[in-house]
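Just below is one structure, and these are the notes that go with it.
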Amino acid sequence: MSLVKSIGKQKVNVDFNKDFINLFSQKIKSNDVAFINQTLEDLHAADVADLIENLDSGTRNKLIEIEAFAIEPEIFIELNESLQSEVLLLLTPESIAKILRKLESDNALQVLEKIEETKKKKVLENLSPQDRFLLEEGLSYPEDSAARIMQREFTAVPSDWTVGQTIDYLRENKELPEEFLEIFIVDKDFKPIGTVPSSRVLRTPRNSKMNSIMREIPVLISVNMDKEEVGLTFENYNLVSAGVVNKDNKLIGMITADDVVTVVQEEAEEDVLRLAGVGDEEITDGVLKKTKRRFSWLLLNLLTAIIASIVIGFFQEDIEKVVALAVLMPIVASMGGNAGMQTLAVTIRAIAKQEISSGNFYKIVTKEFIIGILNGIIFAIISAAVVQLWFKELDLSILIAVAMILNMIVAGLFGILVPVSLKKFNIDPALASSVFVTTITDVIGFLSFLGIGSIFFLN
């Protein structure tokens, strides 16, 4: 185990080698609680989470089940989602409730939504009426809404308060968040009208009115706003925090930049995994679970590959007569597939950032059409030259050149048309686009290459 850095007595950025993992596992199996607690006490919560993730499932379960070991909220929240769900199955409703009490409302909500309904009710019964009401209300909102990532802990004062009143309130009120950068200014109906940085409060004379030093709020977040849109709003307006309002425009919560960073990261990871057809798979997931998640995607790929094979089968006799066609088919298919995936990746990113609209859609399609033509011509010349040197057949060189141009154009067009079309039907483009684009480019590539080939060589 090598330690990169220490903060006070706490070690951070720990590299857990195999020997240490084995030692820690043995201590768990022998119920050496003193060693376990001392080791974990010396580590940062994030590193403790990494250590737990490095354990095998059986050892990990035994650790959770040790009576004298209580997983801290700071550690729990650092675990990946798959392990959080696994740990929640092992913990009692009372233990879960203890974790929730120490978490901010947004994190508590994320934990609660992972619990099955029967156990969830028991957990809620172990919370105070106020906490229970806030969490139940949070669960009533859509899963991907701003309400699910907002925190109920925020600081707000009336607009007619003085700086002195505000400072006294901040010092005396024990219910306020431990840390905050901005103070919301609200009217008599608790509607937000501005914000004041906490640093400005400290630098302003006590008799100054809060409404005289506030700055207008550039944007407010609706409680039902999609969390992806929340991320874009933070990016567009360079926000550090933003107030969340209900349908009556009353302030009910706050979203901070760290919440948005988490959302953006999760969405990016989700899109990458979905493009590969593995969903929300985690490295700690078991073999059967991983296999199950990948099966349906691989099955879909098999079915689409069969379609491409059927197209090839139409030209079986032609391929038997001209073997060179079979040799060159993978070139056309792979170039079209890769070109399509390039366009697809750019398009999905643009969709996620809401950069494609009805106003610029045709312009973007035209641009991809031109790119397809240019790339097609460039690689048509290169591939034709290679084929001419290889087979010394002018007709064959012309054939692959034409097929290359056609497939590159198709790849560029469908690389944008497929994800945009899926989006219109409320289907996640990251989930299904790659299969459709690959199939289309393969089918068109084979049809053009083999179809033209049959005319060139056999008629």
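Just one of the numbered conditions (1) in a loop (DSSP other than H, G, I, E, B); (2) buried (at least 16 other Cβ atoms within 10 Å of the Cβ); (3) modelled with pLDDT of 75 or more is not true of Val219: (2).
Every residue, every condition in (1) touching a Lys or Arg at 6+ places or on another chain (Cβ under 7 Å); (2) among the polar types (S, T, N, Q); (3) over 24 Å from Phe314 (Cβ atoms), yes or no:
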site	(1), (2), (3)
Ile416	no, no, yes
Ser421	no, yes, yes
Pro429	yes, no, yes
Asp442	no, no, no
Leu450	no, no, no
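Before we move on, is Ile416 closer than 25 Å to Ile382 by Cβ and either in contact with an Asp or Glu (Cβ under 8 Å, 6 or more places away or on another chain) or not assigned by TED's automatic domain parsing to the domain that holds Ser383 (or both)? Against the criterion (closer than 25 Å to Ile382 by Cβ and either in contact with an Asp or Glu (Cβ under 8 Å, 6 or more places away or on another chain) or not assigned by TED's automatic domain parsing to the domain that holds Ser383 (or both)), Ile416 qualifies.
Taking the residues in segment 138-168 that are of a type in the set (A, V, I, L, M, F, W, C) and touching a residue at least 60 places away in the same chain (Cβ under 8 Å) as candidates, determine which candidate is surrounded by the fewest Cβ atoms within 10 Å (Cβ to Cβ).
Step by step, filter segment 138-168, then rank; the result is Ala156.
Taking the residues in segment 372-408 that are closer than 14 Å to Leu447 by Cα and of a type in the set (Val, Ile, Thr) as candidates, determine which candidate is surrounded by the fewest Cβ atoms within 10 Å (Cβ to Cβ). Among residues in segment 372-408 that are closer than 14 Å to Leu447 by Cα and of a type in the set (Val, Ile, Thr), the one surrounded by the fewest Cβ atoms within 10 Å (Cβ to Cβ) is Val402.
Scanning segment 215-271 for residues that are among the hydrophobic types (A, V, I, L, M, F, W, C) and either free of Cβ contacts under 8 Å to residues at least 12 places away in the same chain or touching a His at 6+ places or on another chain (Cβ under 8 Å) (or both), we see that the one that is nearest to Glu78 (Cα to Cα) is Val261.
If the condition is being among the charged types (D, E, K, R) and either closer than 14 Å to Ile416 by Cα or touching a His at 6+ places or on another chain (Cβ under 7 Å) (or both), then segment 344-396 contributes Arg349, Glu355, Lys363, Lys367, Glu368.
Yes/no per residue for (1) farther than 20 Å from Leu328 by Cβ; (2) part of a helix (DSSP H, G or I); (3) in contact with a Phe, Trp or Tyr (Cβ under 7 Å, 6 or more places away or on another chain):
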position	(1), (2), (3)
Gly376	no, yes, no
Val386	no, yes, no
Leu396	no, yes, no
Val402	no, yes, no
Phe414	yes, yes, no
Ile427	yes, no, no
Ile444	no, yes, no
Phe449	no, yes, no
Ile455	no, yes, no
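Screening Asp106 on (1) of a type outside the set (A, V, I, L, M, F, W, C); (2) surrounded by fewer than 17 Cβ atoms within 10 Å (Cβ to Cβ); (3) part of a helix (DSSP H, G or I) shows it passes everything except condition (2).
Pairs under 7 Å by beta carbon, first residue in a loop (DSSP other than H, G, I, E, B) in segment 304-317, partner not β-branched (Val, Ile, Thr), six or more apart or different chains? Correct list of pairs: Phe315/Leu450; Phe315/Ser454.
So is Arg148 farther than 20 Å from Leu251 by Cβ, modelled with pLDDT of 90 or more and of a type in the set (D, E, K, R) or not? It is false that Arg148 is farther than 20 Å from Leu251 by Cβ, modelled with pLDDT of 90 or more and of a type in the set (D, E, K, R).
When segment 283-336 is filtered for residues that are among the hydroxyl-bearing types (Ser, Thr, Tyr) and modelled with pLDDT of 80 or more, only Ser334 remains.
Looking across segment 186-214, the residues that are more than 33 Å from the chain's Cα centre (by Cα) and not in a loop (DSSP other than H, G, I, E, B) come down to Val186, Ser199, Arg200, Val201, Leu202, Arg203, Lys209, Met210, Asn211, Ser212, Ile213.
The values are calculated or read from the model by the stated rules, or taken from the named source; none is laboratory data. Fair warning: this is a prediction, and the values are worked out from it, not measured in the lab. So basically every Cβ, Gly included, is an ideal-geometry build from the backbone, and we count neighbours across all protein chains shown.
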